[in-house]
Amino acid sequence: MIIDGKKIAADIQAEIARQVDQISGRKPSLAFILVGDNPASQSYIRGKKKACAETGITSVVHEFPASIAEGDLILQIQRLNIDPLTDGILVQLPLPPHISERIVTQTIDPDKDVDGFHPVNVGKMLLGDPGGFLPCTPNGIRALLERSRIPVEGKHVAIVGRSNIVGKPLAAILMQKKAGCNATVTVAHSKSEGLKQILHSADILVAAMGSPLFIKKEMVKPGAAVIDVGINRMPNGKLVGDVDFDEVSKVAGWITPVPGGVGPMTIAMLMQNTLESYWKRT
């Protein structure tokens, strides 16, 4: 079964839109910070602004030249931190080499960190504290599994990739002692011995290593759910994931396509976090 991430994300955004529509007065507001003229970053911002428009969330883009000094960018973030009309702040990555992503991330008020990357929110995630924001892509995967009615509790989840954006937080989320989680999680990577055996034992396999078409059908347990987080552009211009979709779809019980799988869920969770921030602040 192909998991339609676009439809699930659209359903979530429709639910958010209905809630926002019922708000009288000021609507939730999300501030984007875009540094430089990276075409990919501009495209991501356009997609997120579109989702804001569709859900009724106000969006404001603050654009700065790539030459902006780190200190000046931090001042701009601090202004948004104290702005009562701003509920969420998202700094579009990557940043120019002279600006520290770590320092910028830590400058954002944790209560407005709708990306879920601030150390305070990461700590709350690890502790299972519901008071923080979960990072959008891992939480989107959790929601994708839940809404597709794929059993997670007690199942073996193998995640290939240990990034701070997907692999590590997803492991932390799915092992939590709460509904829709309670999984046994293995985080595998390029140094893992017996990788094929690890993956073949998984009930849910999440590919997030950034290697095009790496996951082949012989690595997948028949009937397993395969979640492809990778997005890679091939020399012919085609977008593919980390999973060889044509092969793996023949043995998987569920599988996400690329594009149209995890990507839309990331944006839906960003909208959800922004609305949650609004409720906390009003």
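Quick note: the coordinates plus some simple rules give every number you see, no bench work behind them. These figures come from a predicted structure and were not determined experimentally. Ideal geometry is used to build each Cβ from the backbone, glycine not excepted, and the neighbour counts take in all protein chains shown.
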* Asked: Among the residues of segment 193-245, which ones are surrounded by fewer than 24 Cβ atoms within 10 Å (Cβ to Cβ) and either among the aromatic types (F, W, Y) or part of a strand (DSSP E or B) (or both)?
  -> F214, N232, R233, L239, V240, F245
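Of all residues in segment 82-100, which are closer than 19 Å to L270 by Cα and surrounded by 15 or more Cβ atoms within 10 Å (Cβ to Cβ)? So that I can check it myself, show each step before the final result.
Step one: list which residues in segment 82-100 are closer than 19 Å to L270 by Cα, which gives 85-94.
Across segment 82-100, the qualifying residues are T86, D87, G88, I89, L90, V91, Q92, L93.
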* To do: Go through segment 20-42 residue by residue and tally those that are surrounded by 15 or more Cβ atoms within 10 Å (Cβ to Cβ) and farther than 23 Å from T105 by Cβ.
  => 2
* Across segment 246-262, what is the total count of residues that are in a helix (DSSP H, G or I) and surrounded by fewer than 21 Cβ atoms within 10 Å (Cβ to Cβ)? -> 2
* With the condition kept exactly as written, say whether any residue in segment 3-16 is out of contact with any Leu (no Cβ under 6 Å at 6 or more places or on another chain) and not in a helix (DSSP H, G or I). => yes
* Matching residues, segment 117-150, being over 22 Å from K6 (Cα atoms) and under 16 Å from the mean Cα position of the chain (by Cα) -> F117, H118, N121, V122, M125, G132, F133
* **Check on T107, polar (S, T, N, Q), over 22 Å from V248 (Cα atoms) and over 18 Å from the mean Cα position of the chain (by Cα)** => yes
* Among the residues of segment 17-42, count how many are in a helix (DSSP H, G or I) and farther than 23 Å from K280 by Cβ. => 4
* Determine whether K168 is surrounded by 17 or more Cβ atoms within 10 Å (Cβ to Cβ) and not in a strand (DSSP E or B). => yes
* **Residue under evaluation A69, criteria (1) out of contact with any strand residue (DSSP E or B) (no Cβ under 8 Å at 6 or more places or on another chain); (2) within 30 Å of L144 (Cα to Cα), criterion not met** => (2)
* Would you check if there is a residue in segment 70-78 being surrounded by fewer than 18 Cβ atoms within 10 Å (Cβ to Cβ), under 16 Å from I165 (Cα atoms) and of a type outside the set (F, W, Y)? => no
